[in-house]
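Colleague: Just passing along the structure, written as C-alpha coordinates.
The values are calculated or read from the model by the stated rules, or taken from the named source; none is laboratory data. Note that the structure is a prediction, hence the values are computed from the model and not measured. Cβ atoms come from the backbone with ideal geometry, glycine included; neighbour counts cover every protein chain shown. Side chains included, ligands, DNA and RNA excluded: accessible areas come from the protein's heavy atoms. Shrake-Rupley method; radii C 1.70, N 1.55, O 1.52, S 1.80 Å.
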Amino acid sequence: MGMSVNNEELSKAKGIRVTQIELIDRLMLIGAPGIGKTEVIKQKAEEEAKRMNKIFIDLREADDKTISMIYENPEKYYVYIRIIAPHIFPEDIGIPEKKSRYVEYLSPKILSVLAIPEIHGVLFIDEITNVQRDDQISMYYSLILEKEAGFQLKLSKNVKILLAGNPPEWSEIVRPLPKPLRNRVVLMEVSPPTVDEWIKYMESRYNDNWEKLVSAYLKAFPEDFIKPPSDDWSAFPTPRAWTQLSLLLHQFKDGKELRDSIIIGSVGKEVGVKVITLLETKIDVEEMIRELSKDPSIWQRLDINAKIMLLYSLSQRTIKELKERLESFIKYLLMNDREMLVLMIVMMNREKRLEFANTFKDLTRELVKDISKYII
(Lines give C-alpha, C1' and ligand atoms only; values in the text may rest on other atoms or scores of the structure.)
Protein backbone atom coordinates (compact mmCIF):
# COMPACT_ATOMS: atom_id res chain seq x y z
CA MET A 1 0.00 0.00 0.00
CA GLY A 2 1.93 3.03 -1.26
CA MET A 3 2.06 6.04 0.96
CA SER A 4 1.51 8.41 -1.95
CA VAL A 5 -1.78 6.79 -2.96
CA ASN A 6 -4.75 8.79 -1.77
CA ASN A 7 -7.88 7.28 -0.28
CA GLU A 8 -9.99 7.61 -3.42
CA GLU A 9 -7.40 5.69 -5.47
CA LEU A 10 -6.96 3.11 -2.73
CA SER A 11 -10.67 2.36 -2.76
CA LYS A 12 -10.57 1.57 -6.46
CA ALA A 13 -7.42 -0.54 -6.23
CA LYS A 14 -8.22 -2.64 -3.15
CA GLY A 15 -11.65 -4.21 -3.62
CA ILE A 16 -15.10 -2.97 -2.76
CA ARG A 17 -15.51 -0.09 -0.34
CA VAL A 18 -16.78 -1.14 3.05
CA THR A 19 -19.82 1.14 2.68
CA GLN A 20 -20.94 -0.80 -0.40
CA ILE A 21 -21.22 -4.28 1.11
CA GLU A 22 -24.50 -6.14 1.45
CA LEU A 23 -25.55 -8.83 3.94
CA ILE A 24 -24.69 -12.18 2.35
CA ASP A 25 -24.80 -15.37 4.39
CA ARG A 26 -21.26 -16.61 5.10
CA LEU A 27 -19.67 -13.41 3.82
CA MET A 28 -16.16 -12.78 5.13
CA LEU A 29 -14.69 -9.29 4.98
CA ILE A 30 -10.93 -8.86 4.85
CA GLY A 31 -9.59 -5.38 5.44
CA ALA A 32 -7.53 -3.04 7.57
CA PRO A 33 -8.58 -2.33 11.16
CA GLY A 34 -10.64 0.75 11.89
CA ILE A 35 -12.24 1.15 8.45
CA GLY A 36 -15.81 0.58 9.63
CA LYS A 37 -16.46 -3.13 9.04
CA THR A 38 -18.25 -3.58 12.37
CA GLU A 39 -20.20 -0.35 12.04
CA VAL A 40 -21.40 -1.10 8.51
CA ILE A 41 -22.49 -4.68 9.24
CA LYS A 42 -24.64 -3.54 12.16
CA GLN A 43 -26.04 -0.68 10.09
CA LYS A 44 -26.94 -3.07 7.26
CA ALA A 45 -28.61 -5.42 9.76
CA GLU A 46 -30.71 -2.54 11.11
CA GLU A 47 -31.71 -1.61 7.57
CA GLU A 48 -32.71 -5.19 6.77
CA ALA A 49 -34.79 -5.39 9.95
CA LYS A 50 -36.58 -2.20 8.92
CA ARG A 51 -37.29 -3.56 5.43
CA MET A 52 -38.72 -6.72 6.99
CA ASN A 53 -40.82 -4.64 9.40
CA LYS A 54 -39.23 -6.38 12.36
CA ILE A 55 -37.97 -5.04 15.70
CA PHE A 56 -34.17 -4.86 15.74
CA ILE A 57 -32.52 -6.20 18.90
CA ASP A 58 -28.81 -6.17 19.66
CA LEU A 59 -28.55 -9.24 21.87
CA ARG A 60 -25.57 -7.77 23.72
CA GLU A 61 -27.91 -5.10 25.09
CA ALA A 62 -30.96 -7.31 25.66
CA ASP A 63 -32.13 -8.00 29.20
CA ASP A 64 -33.98 -11.10 30.36
CA LYS A 65 -37.37 -9.48 29.78
CA THR A 66 -36.48 -8.74 26.15
CA ILE A 67 -35.20 -12.28 25.65
CA SER A 68 -38.49 -13.65 27.00
CA MET A 69 -40.45 -11.43 24.60
CA ILE A 70 -38.38 -12.76 21.68
CA TYR A 71 -39.14 -16.35 22.71
CA GLU A 72 -42.85 -15.57 22.91
CA ASN A 73 -43.07 -13.88 19.50
CA PRO A 74 -39.88 -14.61 17.51
CA GLU A 75 -41.48 -13.67 14.21
CA LYS A 76 -41.63 -10.02 15.34
CA TYR A 77 -37.90 -9.66 15.95
CA TYR A 78 -34.64 -9.37 14.07
CA VAL A 79 -31.65 -10.18 16.29
CA TYR A 80 -28.01 -9.16 15.94
CA ILE A 81 -24.96 -10.22 17.89
CA ARG A 82 -21.28 -9.45 17.40
CA ILE A 83 -18.79 -11.81 18.99
CA ILE A 84 -15.04 -11.27 19.09
CA ALA A 85 -13.73 -14.61 17.84
CA PRO A 86 -10.56 -14.96 19.98
CA HIS A 87 -12.63 -14.40 23.15
CA ILE A 88 -15.01 -17.36 22.67
CA PHE A 89 -13.95 -20.93 23.45
CA PRO A 90 -15.64 -24.32 22.90
CA GLU A 91 -16.45 -24.58 26.60
CA ASP A 92 -18.47 -21.35 26.31
CA ILE A 93 -21.11 -22.81 24.02
CA GLY A 94 -22.29 -25.65 26.25
CA ILE A 95 -22.75 -25.70 30.04
CA PRO A 96 -23.00 -29.21 31.56
CA GLU A 97 -25.96 -30.05 33.76
CA LYS A 98 -26.04 -33.46 35.48
CA LYS A 99 -29.18 -35.55 35.04
CA SER A 100 -29.93 -38.83 36.75
CA ARG A 101 -28.34 -40.98 34.04
CA TYR A 102 -26.51 -38.53 31.81
CA VAL A 103 -25.11 -35.05 31.40
CA GLU A 104 -26.94 -32.52 29.23
CA TYR A 105 -25.28 -29.43 27.82
CA LEU A 106 -27.34 -26.27 28.14
CA SER A 107 -26.79 -23.59 25.53
CA PRO A 108 -26.16 -19.97 26.52
CA LYS A 109 -29.27 -17.85 26.06
CA ILE A 110 -27.88 -15.94 23.06
CA LEU A 111 -27.19 -19.12 21.09
CA SER A 112 -30.60 -20.42 22.09
CA VAL A 113 -32.24 -17.30 20.67
CA LEU A 114 -30.32 -17.68 17.40
CA ALA A 115 -31.60 -21.27 17.20
CA ILE A 116 -35.30 -20.34 17.31
CA PRO A 117 -36.57 -21.56 13.89
CA GLU A 118 -38.65 -18.41 13.21
CA ILE A 119 -35.98 -15.93 14.15
CA HIS A 120 -34.18 -13.74 11.59
CA GLY A 121 -30.90 -12.00 12.21
CA VAL A 122 -27.12 -11.76 11.94
CA LEU A 123 -24.34 -13.49 13.83
CA PHE A 124 -21.21 -11.42 13.22
CA ILE A 125 -17.93 -13.15 14.06
CA ASP A 126 -15.26 -10.46 14.25
CA GLU A 127 -11.45 -10.86 14.28
CA ILE A 128 -11.71 -14.44 13.04
CA THR A 129 -8.17 -14.25 11.62
CA ASN A 130 -6.75 -13.60 15.09
CA VAL A 131 -7.93 -16.92 16.56
CA GLN A 132 -4.91 -18.94 17.71
CA ARG A 133 -6.20 -22.17 19.28
CA ASP A 134 -6.96 -25.20 17.10
CA ASP A 135 -10.04 -26.14 19.12
CA GLN A 136 -11.45 -22.64 18.56
CA ILE A 137 -10.90 -22.95 14.81
CA SER A 138 -12.72 -26.31 14.84
CA MET A 139 -15.62 -24.79 16.77
CA TYR A 140 -15.98 -21.93 14.28
CA TYR A 141 -15.58 -24.37 11.38
CA SER A 142 -18.70 -26.22 12.54
CA LEU A 143 -20.58 -23.00 13.35
CA ILE A 144 -19.87 -21.39 9.97
CA LEU A 145 -20.22 -24.42 7.70
CA GLU A 146 -23.11 -26.25 9.38
CA LYS A 147 -24.54 -23.53 11.64
CA GLU A 148 -24.13 -25.98 14.49
CA ALA A 149 -22.94 -25.10 18.00
CA GLY A 150 -21.91 -28.30 19.71
CA PHE A 151 -23.76 -31.48 18.83
CA GLN A 152 -27.28 -30.49 19.84
CA LEU A 153 -27.92 -26.90 18.74
CA LYS A 154 -28.43 -25.65 15.20
CA LEU A 155 -28.90 -22.00 14.30
CA SER A 156 -31.99 -20.85 12.45
CA LYS A 157 -31.64 -20.98 8.68
CA ASN A 158 -32.77 -17.34 8.74
CA VAL A 159 -29.70 -16.24 10.70
CA LYS A 160 -26.91 -14.99 8.46
CA ILE A 161 -23.33 -15.52 9.54
CA LEU A 162 -20.86 -12.79 8.63
CA LEU A 163 -17.17 -12.71 9.44
CA ALA A 164 -14.40 -10.13 9.44
CA GLY A 165 -10.64 -10.24 9.76
CA ASN A 166 -7.41 -8.43 8.95
CA PRO A 167 -4.81 -9.29 6.29
CA PRO A 168 -1.25 -10.09 7.45
CA GLU A 169 0.08 -6.59 6.75
CA TRP A 170 -2.37 -5.18 9.30
CA SER A 171 -2.01 -7.68 12.15
CA GLU A 172 0.98 -9.41 13.71
CA ILE A 173 -1.07 -12.41 14.91
CA VAL A 174 -3.02 -13.24 11.76
CA ARG A 175 -3.57 -16.95 11.22
CA PRO A 176 -4.78 -18.25 7.83
CA LEU A 177 -8.17 -19.96 7.88
CA PRO A 178 -8.33 -23.61 6.81
CA LYS A 179 -8.68 -24.03 3.04
CA PRO A 180 -12.05 -25.86 3.24
CA LEU A 181 -13.45 -22.97 5.28
CA ARG A 182 -12.14 -20.35 2.88
CA ASN A 183 -13.74 -22.35 0.08
CA ARG A 184 -17.16 -22.20 1.73
CA VAL A 185 -17.34 -18.48 2.46
CA VAL A 186 -17.53 -15.46 0.16
CA LEU A 187 -14.16 -13.78 0.72
CA MET A 188 -14.43 -10.09 0.01
CA GLU A 189 -11.55 -7.65 0.29
CA VAL A 190 -12.85 -4.30 1.49
CA SER A 191 -11.34 -0.84 1.35
CA PRO A 192 -11.84 2.15 3.64
CA PRO A 193 -14.69 4.59 3.05
CA THR A 194 -13.74 7.72 1.17
CA VAL A 195 -13.12 10.90 3.11
CA ASP A 196 -16.46 12.23 1.84
CA GLU A 197 -18.26 9.12 3.11
CA TRP A 198 -16.55 9.47 6.48
CA ILE A 199 -17.63 13.12 6.76
CA LYS A 200 -21.20 12.18 5.88
CA TYR A 201 -21.11 9.44 8.53
CA MET A 202 -19.84 11.88 11.15
CA GLU A 203 -22.59 14.36 10.25
CA SER A 204 -25.34 11.76 10.51
CA ARG A 205 -24.00 10.06 13.65
CA TYR A 206 -22.69 12.98 15.71
CA ASN A 207 -24.50 16.04 14.34
CA ASP A 208 -22.48 19.08 15.49
CA ASN A 209 -20.72 17.29 18.36
CA TRP A 210 -17.37 16.72 16.68
CA GLU A 211 -14.44 18.87 15.60
CA LYS A 212 -15.21 19.69 11.98
CA LEU A 213 -11.81 21.20 11.36
CA VAL A 214 -10.64 17.58 11.03
CA SER A 215 -12.81 17.20 7.93
CA ALA A 216 -11.05 20.13 6.28
CA TYR A 217 -7.66 18.64 7.13
CA LEU A 218 -8.61 15.31 5.55
CA LYS A 219 -9.95 16.96 2.41
CA ALA A 220 -6.62 18.75 2.07
CA PHE A 221 -4.53 15.67 2.93
CA PRO A 222 -6.55 12.57 1.93
CA GLU A 223 -3.37 10.48 1.86
CA ASP A 224 -3.36 10.70 5.67
CA PHE A 225 -6.79 9.10 6.07
CA ILE A 226 -5.35 5.62 6.59
CA LYS A 227 -1.74 4.49 6.89
CA PRO A 228 -0.11 1.40 8.40
CA PRO A 229 1.91 2.03 11.58
CA SER A 230 5.58 2.85 11.19
CA ASP A 231 6.55 0.78 14.26
CA ASP A 232 5.09 -1.66 16.79
CA TRP A 233 4.07 0.93 19.39
CA SER A 234 2.79 4.07 17.69
CA ALA A 235 -0.80 5.02 16.96
CA PHE A 236 -1.69 5.25 13.28
CA PRO A 237 -4.45 6.91 11.26
CA THR A 238 -7.56 5.01 10.26
CA PRO A 239 -11.17 6.19 9.86
CA ARG A 240 -11.83 4.95 13.40
CA ALA A 241 -8.84 6.91 14.73
CA TRP A 242 -10.04 10.10 13.00
CA THR A 243 -13.51 9.59 14.49
CA GLN A 244 -11.97 9.26 17.94
CA LEU A 245 -9.80 12.33 17.43
CA SER A 246 -12.72 14.45 16.17
CA LEU A 247 -14.79 13.60 19.22
CA LEU A 248 -11.94 14.19 21.66
CA LEU A 249 -10.93 17.54 20.13
CA HIS A 250 -14.54 18.68 20.40
CA GLN A 251 -14.53 17.70 24.08
CA PHE A 252 -11.09 18.98 25.07
CA LYS A 253 -10.63 22.38 23.45
CA ASP A 254 -8.27 23.91 26.02
CA GLY A 255 -4.75 22.99 27.02
CA LYS A 256 -2.14 22.66 24.29
CA GLU A 257 -0.20 19.81 25.92
CA LEU A 258 -3.28 17.66 26.40
CA ARG A 259 -4.54 18.52 22.89
CA ASP A 260 -1.22 17.61 21.27
CA SER A 261 -1.00 14.36 23.24
CA ILE A 262 -4.51 13.42 22.14
CA ILE A 263 -3.62 14.10 18.50
CA ILE A 264 -0.36 12.10 18.55
CA GLY A 265 -2.03 9.35 20.57
CA SER A 266 -4.87 9.05 18.05
CA VAL A 267 -3.19 9.25 14.65
CA GLY A 268 0.53 8.88 15.37
CA LYS A 269 3.42 11.30 15.32
CA GLU A 270 3.96 11.63 11.55
CA VAL A 271 0.40 12.70 10.77
CA GLY A 272 -0.23 14.22 14.20
CA VAL A 273 2.51 16.79 13.76
CA LYS A 274 0.84 17.95 10.55
CA VAL A 275 -2.49 18.32 12.37
CA ILE A 276 -0.84 20.26 15.18
CA THR A 277 0.90 22.52 12.64
CA LEU A 278 -2.48 23.29 11.09
CA LEU A 279 -4.03 24.11 14.47
CA GLU A 280 -1.13 26.43 15.29
CA THR A 281 -1.27 28.31 12.00
CA LYS A 282 -1.58 31.99 12.85
CA ILE A 283 -3.51 34.31 10.59
CA ASP A 284 -4.88 37.80 11.07
CA VAL A 285 -8.49 37.05 10.21
CA GLU A 286 -9.65 40.66 10.34
CA GLU A 287 -6.88 41.76 8.00
CA MET A 288 -7.68 38.85 5.68
CA ILE A 289 -11.35 39.80 5.59
CA ARG A 290 -10.47 43.39 4.66
CA GLU A 291 -8.12 42.26 1.88
CA LEU A 292 -10.44 39.59 0.47
CA SER A 293 -13.39 41.97 0.41
CA LYS A 294 -11.33 44.22 -1.87
CA ASP A 295 -9.58 41.53 -3.94
CA PRO A 296 -10.86 37.94 -3.56
CA SER A 297 -8.03 36.61 -5.76
CA ILE A 298 -5.66 37.07 -2.82
CA TRP A 299 -7.07 33.70 -1.75
CA GLN A 300 -4.84 31.96 -4.30
CA ARG A 301 -1.67 33.22 -2.60
CA LEU A 302 -2.45 31.57 0.75
CA ASP A 303 -0.93 28.22 1.65
CA ILE A 304 -3.26 25.31 2.43
CA ASN A 305 -3.04 25.64 6.22
CA ALA A 306 -3.89 29.34 6.09
CA LYS A 307 -6.84 28.62 3.77
CA ILE A 308 -8.23 25.96 6.10
CA MET A 309 -7.89 28.10 9.21
CA LEU A 310 -9.42 31.12 7.48
CA LEU A 311 -12.44 29.11 6.31
CA TYR A 312 -12.82 27.59 9.76
CA SER A 313 -12.83 31.06 11.29
CA LEU A 314 -15.36 32.29 8.73
CA SER A 315 -17.60 29.28 9.42
CA GLN A 316 -17.87 30.56 13.02
CA ARG A 317 -18.81 34.12 11.98
CA THR A 318 -22.40 35.28 11.66
CA ILE A 319 -24.14 34.89 8.31
CA LYS A 320 -24.96 38.60 8.49
CA GLU A 321 -21.25 39.42 8.56
CA LEU A 322 -20.50 37.05 5.67
CA LYS A 323 -23.25 38.69 3.62
CA GLU A 324 -22.22 42.25 4.37
CA ARG A 325 -18.45 41.92 4.16
CA LEU A 326 -17.59 38.85 2.10
CA GLU A 327 -20.31 38.20 -0.47
CA SER A 328 -17.89 38.89 -3.33
CA PHE A 329 -15.35 36.47 -1.84
CA ILE A 330 -17.99 33.77 -1.43
CA LYS A 331 -18.97 34.20 -5.08
CA TYR A 332 -15.30 34.00 -6.00
CA LEU A 333 -14.98 30.66 -4.19
CA LEU A 334 -18.08 29.38 -5.96
CA MET A 335 -16.46 30.08 -9.32
CA ASN A 336 -12.84 29.18 -8.53
CA ASP A 337 -12.62 26.90 -5.48
CA ARG A 338 -16.03 25.36 -4.99
CA GLU A 339 -14.80 22.48 -2.83
CA MET A 340 -13.38 24.90 -0.27
CA LEU A 341 -16.64 26.82 -0.16
CA VAL A 342 -18.50 23.57 0.48
CA LEU A 343 -16.09 22.74 3.30
CA MET A 344 -16.73 26.11 4.90
CA ILE A 345 -20.47 25.38 4.87
CA VAL A 346 -19.93 21.86 6.23
CA MET A 347 -17.93 23.27 9.14
CA MET A 348 -20.92 25.41 10.17
CA ASN A 349 -23.44 24.05 12.63
CA ARG A 350 -26.73 22.92 11.13
CA GLU A 351 -28.72 25.96 12.20
CA LYS A 352 -26.19 28.29 10.59
CA ARG A 353 -26.18 26.23 7.37
CA LEU A 354 -29.90 26.75 7.02
CA GLU A 355 -29.46 30.48 7.58
CA PHE A 356 -26.66 30.51 4.98
CA ALA A 357 -28.91 28.73 2.47
CA ASN A 358 -31.71 31.24 3.02
CA THR A 359 -29.35 34.23 2.76
CA PHE A 360 -27.37 33.05 -0.29
CA LYS A 361 -30.22 31.37 -2.17
CA ASP A 362 -28.75 31.82 -5.65
CA LEU A 363 -25.41 30.36 -4.59
CA THR A 364 -26.73 27.43 -2.61
CA ARG A 365 -28.94 26.29 -5.51
CA GLU A 366 -25.76 25.54 -7.41
CA LEU A 367 -24.14 23.89 -4.39
CA VAL A 368 -26.93 21.51 -3.39
CA LYS A 369 -25.39 18.50 -5.13
CA ASP A 370 -21.91 19.20 -3.75
CA ILE A 371 -23.14 19.68 -0.19
CA SER A 372 -25.49 16.68 -0.26
CA LYS A 373 -22.63 14.19 -0.42
CA TYR A 374 -21.67 15.33 3.08
CA ILE A 375 -24.79 16.29 4.95
CA ILE A 376 -27.95 14.90 3.34
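Colleague: Given the Cα-Cα distance of E118 and K76 and 0.36 nm per residue of separation, how much length would full extension add, in nm?
Modeller: Gain on stretching E118 to K76: 14.2 nm.
Colleague: For D196 and V368, what is the calculated FRET efficiency with R₀ set at 25 Å and r taken between the beta-carbons, to the nearest 0.05?
Modeller: E(calc), rounded to 0.05, equals 0.95.
Colleague: With the Cα gyration tensor of the chain giving a ≥ b ≥ c as the square roots of its eigenvalues, does the rule (a/c under 1.5 for rounded; else a/b larger than b/c for prolate; else oblate) give rounded, prolate or oblate?
Modeller: prolate
Colleague: Which ³J(HN,Hα) values, rounded to whole Hz and listed in residue order, are derived for the range 121-137 from phi using the Karplus coefficients 6.51, -1.76 and 1.60 in 6.51 cos²θ - 1.76 cosθ + 1.60 with θ = phi - 60°, glycine and proline given as x?
Modeller: Calculated HN-Hα couplings, in order: x, 9, 9, 9, 9, 9, 6, 4, 6, 9, 5, 10, 7, 5, 5, 5, 4 Hz.
Colleague: A further question follows. What are the lysines whose alpha-carbon lies under 16 Å from the alpha-carbon of K323, with same-chain residues fewer than 8 places away excluded?
Modeller: K294, K331, K352, K361
Colleague: Which whole-number percent gives the relative contact order of the chain, counting Cα pairs below 8 Å spaced six or more residues apart?
Modeller: Relative contact order for the chain comes out at 17 percent.
Colleague: So with the 1.4 Å probe, I'd like the accessible area per residue for the chain, rounded to whole Å².
Modeller: 51
Colleague: Is the range 113-155 rounded, prolate or oblate when judged by the Cα gyration tensor, a ≥ b ≥ c being the square roots of its eigenvalues, rounded requiring a/c under 1.5 and prolate requiring a/b larger than b/c?
Modeller: Oblate, because a/c is 1.5 or more while a/b does not exceed b/c.
Colleague: So, one more: What percentage of the solvent-accessible surface of the chain, computed with a 1.4 Å probe over protein heavy atoms, is contributed by carbon and sulfur atoms?
Modeller: 52
Colleague: Also: Considering the zone a paramagnetic label at I276 would reach in this model (a point 7 Å from Cα along the Cα-to-Cβ line), which residues of the range 220-234 have amide N under 16 Å from it?
Modeller: 234, by backbone N distance to the label point.
Colleague: Something else: Rounding to the nearest 10 and keeping the result within 0 to 90°, find how far the Cα-based axis of helix 350-359 lies from the longest principal axis of the chain.
Modeller: 40
Colleague: Now for a different question. Of the listed pairs K154/K200; K76/K179; K212/K369, which have alpha-carbon separations greater than 31 Å here?
Modeller: Long pairs (Cα-Cα over 31 Å): K154/K200; K76/K179.
Colleague: Please get the size of the charge dipole for the chain, origin at its Cα centre, with Cβ charges of +1 on Lys and Arg and -1 on Asp and Glu, quoted in debye to the nearest 20.
Modeller: 800
Colleague: Any idea how far apart A306 and I283 come out in nm if each label point goes 7 Å out from Cα toward Cβ?
Modeller: Placing both labels 7 Å beyond Cα along the Cβ direction yields 0.8 nm.
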